[in-house]
1. Is the C-alpha gyration tensor of the stretch 208-347 telling us rounded, prolate or oblate? Criteria: a/c under 1.5 is rounded; beyond that, a/b larger than b/c is prolate, otherwise oblate.
2. Computing the accessible area with a 1.4 Å probe over protein heavy atoms, can you report the carbon and sulfur percentage for the chain?
3. Among all stretches of the chain without exposed GluC sites (Glu not before Pro) (DSSP loop, at most 10 other Cβ atoms within 10 Å), which one is longest?
4. Longer than 22 Å from Cα to Cα, which of Lys181/Lys285; Lys2/Lys302; Lys47/Lys356; Lys47/Lys144; Lys136/Lys181; Lys121/Lys279 are they? Say none if no pair is.
5. Using Cα atoms only, what is the angle between the long axis of helix 359-374 and the major principal axis of the chain, expressed in degrees (0 to 90) to the nearest 10?
6. Summing Lys, Arg as +1 and Asp, Glu as -1, what charge do residues with Cβ under 10 Å from the Cβ of Val149 carry, Val149 excluded?
7. Enter the angle in degrees (range 0 to 90, nearest 10) between the Cα long axis of helix 297-309 and the first principal axis of the Cα atoms of the chain, meaning the one along which they spread out most.
8. Would you calculate the volume per residue, in Å³, of the smallest convex hull containing every Cα atom of the stretch 1-124?
Amino acid sequence: MKIEFYKHNISQADIANAVEVMNSLFLTTGETVEEFERRFSQYLGLKYTVGVTSCTAALHLSLLAYGIGPGDEVITTPMTFIATANAVLYAGAKPVFVDVEPETGNINADLIEDAATSRTKAILPVHLYGQMCDMKKIREIADKHHLAVIEDAAHAIEASRDGIRPGQLGDAACFSFYATKNITSGEGGAISTNSEEIAERLKKLRLHGMSKGAADRYSKRYEHWDMEMLGWKYNMDNIQAALLLNQLENIEQRWQRREQICRLYEEAFMDDSQFACFKVLPNSKSARHLFTVQVHPERRDKMLWQLEERGIGVAVNFRAIHLLTFYKQTFGYERGMYPIAEKIGDSTITLPLYPKLSNEEVQYVIKVVKDVTTS
Ligand SMILES: Cc1ncc(COP(=O)(O)O)c(C=O)c1O
């Protein structure tokens, strides 16, 4: 049996939506993007969304919108994709890592205050695999030290914790519509916020700092536009928005199927001493973006190859960032500095998780994972 690591869920209706845009006059940022932004904000219970080309762009622009730049420090986690920390560097600031909780892999909020200095300007928590960080605690610390909170919610569109959803306690939340994400346009991203001022600034920053986008220039009598600040070229286009709009309609149905699959995995691995799994905490709804098991670090890499040989697509999300060559060489990080993140990074394996996966395929994955652990 061959089980892909990921299969997307783009439907004929999604494709028809994109074709409609392609048959129309306007391909770049216009009404379809605005409609997606409205509907995404509504879904999240937030006031504003700004569509961009990736979550990396979303993180970069959010940091800029909150005035973070050279000389500033941003507290984040080493247990994430490199995009999170790289975006801090794009803004000219320094990422400062704080170790994670062993039960969830999320940033340990109890360690954040110790890492804060007079240069700290923001906290950038990542809702790992779809489970939210302790946003109440993080907000409290941020308020005490006058810091912005920018959430990396790339994994967490459908998540909530203590009744709070991404972006509701943070100042802005950044989302990814990358090829393997819960809804996708191949590439794409968004920032959602309750601040009108920040949303307006983000709209300029995503398009060279221009005072008018192409749609404004087209729909009204010609008037000169101005460049008000240095921006980037990160605007979402109408084709991406058209692909995303329909997927948003049945996002909860697809979440339910991933939830079922995760429960099958949990039943199989939770009580088996060869494996460790993260827990979904009480009062928490995980968006169920990725499912991982942790195995003995000495066996991990061999298991990845054995699983691939038996036709199962796997990944590693993530090896701890501070141990990657660039970060070690640039900042002098060493093994031992963030031990929990290192342990997760050395022992984690991500298993296939997507709505198209059948129960039979899930059972096959479980069987092969258990076989190769004891072989
Ligand atoms: C936690 C996290 N943050 C940010 C990103 C970057 O997303 P994008 O590929 O849309 O830039 C990813 C991508 O996988 C991610 O996993």
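1. Numbers: a/c = 2.94, a/b = 1.66, b/c = 1.77.
Since a/c reaches 1.5 but b/c is at least a/b, the shape of the stretch 208-347 is classed as oblate.
2. Details: 8230 of 16530 Å².
With neighbouring chains kept in place, the figure for the chain is 50 percent.
3. 1-222
4. Lys47/Lys356; Lys47/Lys144; Lys136/Lys181; Lys121/Lys279
5. Orientation of helix 359-374: about 50 degrees from the principal axis.
6. Once positives and negatives cancel, what remains is -2.
7. Between helix and principal axis, roughly 80 degrees.
8. Details: hull volume 22.5 nm³, N = 124.
In the stretch 1-124, the Cα hull volume divided by residue count equals 182 Å³.
The values are calculated or read from the model by the stated rules, or taken from the named source; none is laboratory data. Keep in mind it's a predicted model, so treat the numbers as computed, not measured. Please note: Cβ atoms are built from the backbone with ideal geometry, for glycine as well, and neighbour counts cover all protein chains shown. Note: accessible area is taken over every heavy atom of the protein model, side chains too, but ligands, DNA and RNA are not part of it. Shrake-Rupley method; radii C 1.70, N 1.55, O 1.52, S 1.80 Å.
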